[in-house]
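Bear in mind these aren't lab numbers, they're just calculated from the coordinates by the rules spelled out. Just so it is clear, the structure is predicted and the values come from calculations on it, not from any experiment. Note that each Cβ is placed from the backbone with ideal geometry, even for glycine, and that neighbours are counted across all protein chains shown.
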There are 2 protein chains.
Amino acid sequence: MQKLYIIKVGGNIIDNPEALTSFLKDFASLKENKILVHGGGKVATEISKGLGIEAQMVDGRRITDAETLKIVTMVYGGLINKNIVAKLQSNECNAIGLTGADANIMLSSKRPLKNGIDYGFVGDVKKVHPQPLIHLLSQGITPVVAPLTHDGNGTMLNTNADTVASELAVALCGAFAVNLVYCFELKGVLRDFEDKDSVISTINPDTYEELKSTGVINKGMIPKLDNSFNAINAGVSSVIICQAESLVELINENKTVGTKLVAN
Amino acid sequence: MQKLYIIKVGGNIIDNPEALTSFLKDFASLKENKILVHGGGKVATEISKGLGIEAQMVDGRRITDAETLKIVTMVYGGLINKNIVAKLQSNECNAIGLTGADANIMLSSKRPLKNGIDYGFVGDVKKVHPQPLIHLLSQGITPVVAPLTHDGNGTMLNTNADTVASELAVALCGAFAVNLVYCFELKGVLRDFEDKDSVISTINPDTYEELKSTGVINKGMIPKLDNSFNAINAGVSSVIICQAESLVELINENKTVGTKLVAN
């Protein structure tokens with residue numbers, strides 16, 4: 001089975017033009033089949049502000065009202081996605097920019113009220129159709145996926161980029177040996193948060209329980225790692241959490257970087 | 001050879017939510033292979049105004065400066081394109097939204113100074129790669145193309161939607177019997193502008209010369225028709241200029257609508 005890397009890159013890279021240029025050059029050079037999933041970044045917030053639309057936050061989460069949905073559709077699906085595609089093309093990576101609506105690759109349903117909170121136009125992934133992605137990859141075309149899905153009734157929905165990446169990873173397991181890579185500010189999951197070099201190189205479900213019980217892995221990381229182990233249980237070969245700068249070492253040079261989550 | 005319809009729809013439909021919904025329902029129902037090319041509309045101007053960016057016009061043409069390029073990339077490539085795709089999906093048309101950068105389908109070069117006027121980030125089409133579109137069509141996927149191309153060096157470029165449509169038509173002639181349809185406010189090319197029903201049903205290069213010499217076809221229509229005959233000379237089967245409301249009659253019911261341009 002051929003390898004496929006699904007690489008998720010977040011706002012810390014998207015928001016920094018130099019870091020983004022350098023990342024896209026590295027990404028273009030990766031020799032395996034690959035899919036890029038990008039997050040949003042601050043551009044959406046800046047453009048919202050420019051248009052006088054206040055970001056509504058509840059419990060630290062952005063509420064996607066109708067105006068915000070327009071903004072994220074423009075910024076994530078248009079500005080960020082197309083600029084990434086154009087830059088990858090200039091690095092001789094034949095990229096294609098997609099949202100979940102395109103070729104119906106990712107269908108979601110509008111999140112129901114949770115504890116009385118209406119998150120607005122936010123989509124929880126319901127169904128992934130991997131076939132168009134498999135076809136594109138077989139033609140040497142690299143999908144670049146924005147964190148947007150659709151509800152099948154004509155409405156786009158804002159969707160968490162980590163979730164888009166892990167749902168794609170699980171759906172593509174049947175066709176590829178899928179490695180999911182979360183690019184991260186830190187070098188990996190740290191044993192001691194004060195020591196930025198104390199990267200835990202491998203975690204399996206058993207050691208994960210131990211690291212949680214001793215408090216080494218704390219609140220913020222738990223949902224991300226729970227999701228990652230769910231992906232592994234569903235057939236994803238590995239999940240790697242590392243810095244964007246380490247991708248070439250990881251994939252082209254086969255080096256050990258970051259934290260690798262694997263099955264027992 | 002299979003038929004392919006390339007249908008260009010402009011701002012008059014894009015700007016009117018009811019007309020757009022009705023158009024997309026009709027478009028989804030068309031039984032032949034099809035590609036939709038959409039224009040921009042007023043949304044870009046409204047959002048520019050909201051952000052305090054003044055549209056720069058020279059001789060009635062919009063100048064695409066760096067800020068305007070951001071806006072059109074967002075609005076054409078994101079907001080308009082993805083909402084069209086989501087609506088087509090809800091009408092059971094498996095659409096995929098693309099710009100010229102996606103899968104490198106349309107490469108252009110930044111327009112050089114013309115008569116001392118710098119049009120800014122405007123692209124003149126240099127090369128079309130039809131293969132990814134042929135692959136998508138063969139899988140039953142319908143491309144929806146925004147009026148944006150890229151320069152191969154990482155920059156998106158604003159590109160006239162009529163030109164995008166005719167360049168695609170010419171490039172796809174080798175694989176399909178291509179019919180190019182320009183949706184238009186009027187019922188077709190009129191013999192008498194005061195009589196909105198005086199549609200000229202067919203024009204060939206000979207009758208075109210006659211209609212120009214007698215002044216029936218005047219200034220505004222000449223570039224559009226010149227382009228159309230260029231496409232026909234390059235192998236496009238026909239160019240039809242008609243109202244968006246006539247598409248179902250034209251394609252599914254094989255009726256004569258609008259003005260059909262054909263070879264001699």
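A Cβ-based charge dipole, computed about the Cα centre of segment B:44-177 with Lys and Arg at +1 and Asp and Glu at -1, lands at about 80 debye. Residues whose amide H lies under 5 Å from that of B:THR142, counting only those 5 or more places away or on a different chain, are B:ASN94, B:ALA95, B:ILE96; hydrogens are built 1.01 Å from N in the peptide plane. With a simple spin-label model that places each label point 7 Å from the Cα along the Cα-to-Cβ direction, the separation between A:LYS219 and B:ALA66 comes to 4.1 nm.
Using the membrane-span-like helix rule (whole DSSP H runs, Cα extent along the own axis of at least 27 Å, mean Kyte-Doolittle hydropathy at least -1.0), which helices of chain B qualify? None pass (Cα extent of 27 Å or more, hydropathy at least -1.0).
With both partners inside segment B:110-264, how many of the DSSP beta bridges are antiparallel, as a percent to the nearest 5? Counting only bridges with both partners in segment B:110-264, antiparallel ones make up about 50 percent.
Taking amide H positions as modeled 1.01 Å from N, with prolines and chain starts lacking one, the residues under 5 Å from A:ILE6 and 5 or more places away or on another chain are A:ILE35, A:ASN179, A:LEU180, A:VAL181. Each of A:THR259, A:ILE200, A:LEU133 was placed along the dipole of chain A (beta-carbon charges, centred on the mean Cα), and the one lying farthest toward the positive end is A:LEU133.
When B:SER201 is represented by a point 7 angstrom out along its Cα-to-C-beta vector, the spacings to that point in the other copies are 8.0 nm, nearest first.
Taking each of B:LYS8/B:LYS219; A:LYS255/B:LYS82; A:LYS87/B:LYS25; A:LYS196/B:LYS82; A:LYS87/A:LYS255 in turn, the alpha-carbon distance tops 32 angstrom for A:LYS255/B:LYS82; A:LYS87/B:LYS25; A:LYS196/B:LYS82. One chain, two ends: A:THR21 and A:ASN230. Fully extended at 0.36 nm per residue, the span grows by 72.0 nm beyond their Cα-Cα distance. About its Cα centre, the dipole of the protein assembly as shown is roughly 440 debye, where the only charges are +1 on Lys and Arg Cβ and -1 on Asp and Glu Cβ.
Scanning residues 5 or more positions from B:LEU148 or on other chains, those with amide H under 5 Å from its amide H are B:GLY100, B:THR159, with H placed 1.01 Å from N in the peptide plane. Rg ratio for segment A:3-185: its Cα radius of gyration over 2.2 N^0.38 Å, N being its residue count, equals 1.00. A label point on B:GLY50, set 7 Å along the Cα-to-Cβ line, lies at 1.1 nm from each of its counterparts in the other copies, closest listed first. Listed cross-link partners A:LYS34/A:LYS224; A:LYS34/A:LYS212; B:LYS126/B:LYS224 are compared with a 26 Å cut-off, the Cα-Cα value being larger for A:LYS34/A:LYS212.
Between the residues A:ASN115, A:ALA171, A:LEU148, the greatest Cα displacement towards the positive end of the dipole of segment A:3-185, with unit charges on the Cβ of Lys, Arg, Asp and Glu, is found for A:ALA171. Each of B:VAL58, B:THR21, A:GLY97 was scored by the projection of its Cα onto the charge dipole of the protein assembly as shown, and the greatest displacement toward the positive side belongs to A:GLY97; charges sit on the C-beta of Lys, Arg, Asp and Glu. GNM remark for chain B: springs join alpha carbons under 10 Å apart, and the peak mean-square fluctuation among B:MET106, B:MET156, B:MET74 falls on B:MET74.
For segment B:182-190, the Karplus equation 6.51 cos²θ - 1.76 cosθ + 1.60, evaluated at θ = phi - 60°, returns couplings of 9, 7, 9, 5, 8, 6, x, 6, 9 Hz by residue, with Gly and Pro reported as x.
DSSP finds beta bridges in segment B:1-103, and of those with both partners inside it, around 35 percent are antiparallel.
In whole angstrom, how long is each semi-axis of the equivalent ellipsoid of segment B:177-259, when you take the square root of 5 times every eigenvalue of its Cα gyration tensor and sort them from largest down?
For segment B:177-259, the ellipsoid semi-axes come out as 20, 17, 10 Å.
Taking the label point 7 Å along Cα→Cβ, A:LYS126 and its counterparts in the other copies are spaced 4.4 nm apart, in ascending order. Spatial offset of segment A:164-196 relative to segment B:167-200 amounts to 51 Å, using the alpha carbon center of each. Across segment B:106-264, Cα pairs under 8 Å and at least six residues apart give a relative contact order of 21 percent.
How much mean residue ellipticity at 222 nm does the protein assembly as shown get from its helices, if each DSSP H run of length 4 or more adds -39500 (n - 2.57) and you divide by all residues, to the nearest 500 deg cm²/dmol?
Dividing the helical sum by the residues of the protein assembly as shown leaves -9500 deg cm²/dmol.
The trypsin sites (Lys or Arg not before Pro) of segment A:1-68 that DSSP puts in a loop, and whose beta carbon has at most 16 other beta carbons within 10 Å, are A:LYS31, A:LYS42. Closest approach of any chain B Cβ to the axis that rotates B onto A belongs to B:GLY78, 1, distance given in whole Å. Per-residue mean of foreign Cβ neighbours for A:145-156 is 4 (Cβ atoms of other chains, 10 Å radius).
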